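Below is one structure, written out as structure tokens, with a few remarks after it.
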Amino acid sequence: MIIWLASYPKSGNTWLRSLLASYYFSKDGDFNFSLLKNIDQFPSYNHFKDYNKIGIVIQAYLHRSMQDIKTLSSNSFNVRICKGIYVEDPELVFSSYQDIRRNYISLVKEALKRGAYVGIATHDEYLMDELYKWILENNISKKSFEFQVLHGVPMHKKLKKLIDDGNTVRVYVPYGDNWYDYSIRRLKENPKMAGYIIKNLFSSIFRLK
């Protein structure tokens, strides 16, 4: 099964991050995550228990992410796990590419073991292969996870194999007034995507001819 997901950039992470940023610092300017508990709408176990259409994104490059998974995970918790792309305080994030990879794998495993529904959001085929191997070895239900990718990244063979095996693949398609700014930002964050998209564009043009 393949699900096409369209997401409007204005309704995404930017506004939420701006909102939360004002709560991250105490009156004397000290960084304090505990202040987030002052926000009534901040995700907690009860939010995911009472509202089964709510999910959040966990970024693997943040040191705090494993604790977030352990705090929030349950059989009613829906989480999308990605590597993370925003510029953060160096003290808060893993700086090594391999450390981020290792933490990503640990986060997905921990969430699945705790009964969460996990969106494995990555184009890193190493991560996809390692996690899928672990999922098969541990008999994780296909109803407990899905793979999520950005439309335009050439992973047809990989995605087809996952779909043929009965897995769910969700394809993320940005659109709306800000689609161009969003896409340029993603290309700057991951220059490899530019080559993928240009290659696919010319391939499509020649096929049409």
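Structure notes:
- In region 83-94, the residues that are part of a loop (DSSP other than H, G, I, E, B) and surrounded by fewer than 18 Cβ atoms within 10 Å (Cβ to Cβ): ILE85, TYR86, VAL87, GLU88, ASP89
- PRO154, sole failed condition from (1) touching a helix residue (DSSP H, G or I) at 6+ places or on another chain (Cβ under 7 Å); (2) crowded, with 17+ Cβ neighbours inside 10 Å: (2)
- Flag for ARG80 being of a type in the set (Lys, Arg) and outside any strand (DSSP E or B): no
- Annotation note: Cβ proximity below 6 Å between a residue of region 86-104 that is within 13 Å of ARG64 (Cα to Cα) and in contact (Cβ under 8 Å) with a residue 40 or more places away in the chain and a residue that is aliphatic (A, V, I, L, M) and surrounded by 10 or more Cβ atoms within 10 Å (Cβ to Cβ) (sequence gap 6+ or interchain) occurs for ILE100/ALA60; ASN103/ALA60; TYR104/ALA60; TYR104/LEU127.
- Figure legend. Inter-residue proximity from region 153-177: first residues more than 14 Å from THR122 (Cβ to Cβ), second residues aliphatic (A, V, I, L, M) and buried (at least 17 other Cβ atoms within 10 Å of the Cβ), beta-carbon distance below 7 Å, spacing 6+ or different chains. Indicated pairs: ILE163/VAL169.
- Here ILE163 qualifies as β-branched (Val, Ile, Thr), over 22 Å from LYS83 (Cβ atoms) and modelled with pLDDT of 70 or more.
- Any hit, region 159-175, residues being surrounded by 12 or more Cβ atoms within 10 Å (Cβ to Cβ), part of a strand (DSSP E or B) and touching a Pro at 6+ places or on another chain (Cβ under 7 Å): yes
- Some residue of region 54-67 being at pLDDT below 85, assigned to a loop (DSSP other than H, G, I, E, B) and of a type in the set (A, V, I, L, M, F, W, C): yes
- Within region 112-131, the residues that satisfy the criterion of being over 16 Å from the mean Cα position of the chain (by Cα) and either closer than 18 Å to GLY166 by Cα or of a type in the set (Val, Ile, Thr) (or both) are ASP129, GLU130.
- ALA121 being out of contact with any helix residue (DSSP H, G or I) (no Cβ under 7 Å at 6 or more places or on another chain) and modelled with pLDDT of 90 or more: yes
- Filtered residues of region 126-142 (kept if within 22 Å of PHE77 (Cβ to Cβ), free of Cβ contacts under 8 Å to residues at least 12 places away in the same chain and assigned to a helix (DSSP H, G or I)): none
- Residue check, SER106 among the hydroxyl-bearing types (Ser, Thr, Tyr) and part of a loop (DSSP other than H, G, I, E, B): no
The values are calculated or read from the model by the stated rules, or taken from the named source; none is laboratory data. Only a predicted model underlies this, so the values are computations on that prediction, with no experimental measurement involved. So basically every Cβ, Gly included, is an ideal-geometry build from the backbone, and we count neighbours across all protein chains shown.
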